[in-house]
1. With a ≥ b ≥ c taken as the square roots of the eigenvalues of the C-alpha gyration tensor of the stretch 2-189, please select rounded if a/c is under 1.5 and otherwise prolate if a/b is larger than b/c or oblate if it is not?
2. Excluding ligands, DNA and RNA, what is the solvent-accessible area per residue of the chain at a probe of 1.4 Å, expressed in Å²?
3. Leaving out ligands, DNA and RNA, what percent of the accessible area of the stretch 2-189 is carbon and sulfur, probe 1.4 Å?
4. Taking the Cα centroid of the stretch 124-172 and of the stretch 6-22, what is the distance between the two, rounded to the nearest whole Å?
5. Pairs Lys79/Lys120; Lys13/Lys138; Lys23/Lys184; Lys41/Lys138; Lys120/Lys184; Lys79/Lys157: which exceed 18 Å Cα-Cα?
6. For Val80, what residues show an amide H to amide H distance below 5 Å, using hydrogens built from the backbone and excluding near sequence neighbours?
7. Among His68, Gly98, Ser53, whose Cα lies farthest out toward the positive end of the dipole of the stretch 42-102, if unit charges sit on the beta carbon of Lys, Arg (+1) and Asp, Glu (-1)?
8. Using a Gaussian network model of the chain with C-alpha springs under 10 Å, which one of Gly34, Gly142, Gly166 is most mobile by mean-square fluctuation?
Amino acid sequence: MYILFEGIDTCGKSTQIDLIAQKYPEIIITHEPGGTPFGKKAREILLADTLASKRAELLLFLADRAEHYQEIIAPNKEKVIISDRGFLSGIGYALANGDFDFDELVSLNRFALEGHFPDKIVLFLTNMETLTQRTSEKELDGIELRGLEYLITVQNKMQESLQKLGINYLEVDATDSIENIHQKILSYLEL
Ligand code: TMP
């Protein structure tokens, strides 16, 4: 089972993934961008946010996704895999970046994933107040420096996209307590 944890920065994805990893050490934990040796190099370029072309940026995220699919997801498809981000970030950030067509983005991601979309998605939803507070407590990368309004737009795009995709999903309130969120995720995933 291939599961994505999705949501904008500081929504608590990594905290929840760590809790599950402690409880279920047999689960494969991975992330995008950067879950493969090529991905690490791509991640460095992408997070520096120095590409002039948003199409080049999109294609580099997709290249990372294709390599990650072939190297990590496909060989482990009999196991439970949890990825910190994946194609829903791919679509949400691209839609917030400008003039991309939703159906075209779905096709490009289908190509990168060899047709294998995740089985389940957990989408964390935060709000401007919590985002403002949490981002003020960390050092921001190039993409986060695009601003909080941008991140909220990304979140809206991810949520709208998920409603159209027909993939099984759970929305969680990122402002809820760590333990409550953990319990909700456990009962949804039925690990
Ligand atoms: P993170 O791994 O620290 O969450 O950083 C990854 C950054 O890359 C984050 O700002 C979201 C962004 N991103 C995209 O813009 N497109 C994508 O397809 C993915 C996977 C991530």
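The values are calculated or read from the model by the stated rules, or taken from the named source; none is laboratory data. This is a predicted model, so every value here is computed, not measured. So basically every Cβ, Gly included, is an ideal-geometry build from the backbone, and we count neighbours across all protein chains shown. These area figures cover heavy atoms from the full protein model, side chains too; ligands, DNA and RNA do not enter into them. Shrake-Rupley method; radii C 1.70, N 1.55, O 1.52, S 1.80 Å.
1. Numbers: a/c = 1.39, a/b = 1.06, b/c = 1.31.
Rounded shape, in that the Cα axes give a/c under 1.5.
2. Numbers: 9400 Å² over 191 residues.
On a per-residue basis, 49 Å².
3. Values: 4660 of 9120 Å².
Roughly 51 percent, rounded to a whole number.
4. 13 Å
5. Details: Lys79/Lys120 14 Å; Lys13/Lys138 15 Å; Lys23/Lys184 15 Å; Lys41/Lys138 23 Å; Lys120/Lys184 14 Å; Lys79/Lys157 30 Å.
With Cα atoms farther than 18 Å apart: Lys41/Lys138; Lys79/Lys157.
6. Placed amide hydrogens put Ile28 under 5 Å from Val80.
7. Among His68, Gly98, Ser53, the one farthest towards the positive end of the dipole of the stretch 42-102 is His68.
8. Result for the chain, Cα springs under 10 Å: Gly166 fluctuates most.
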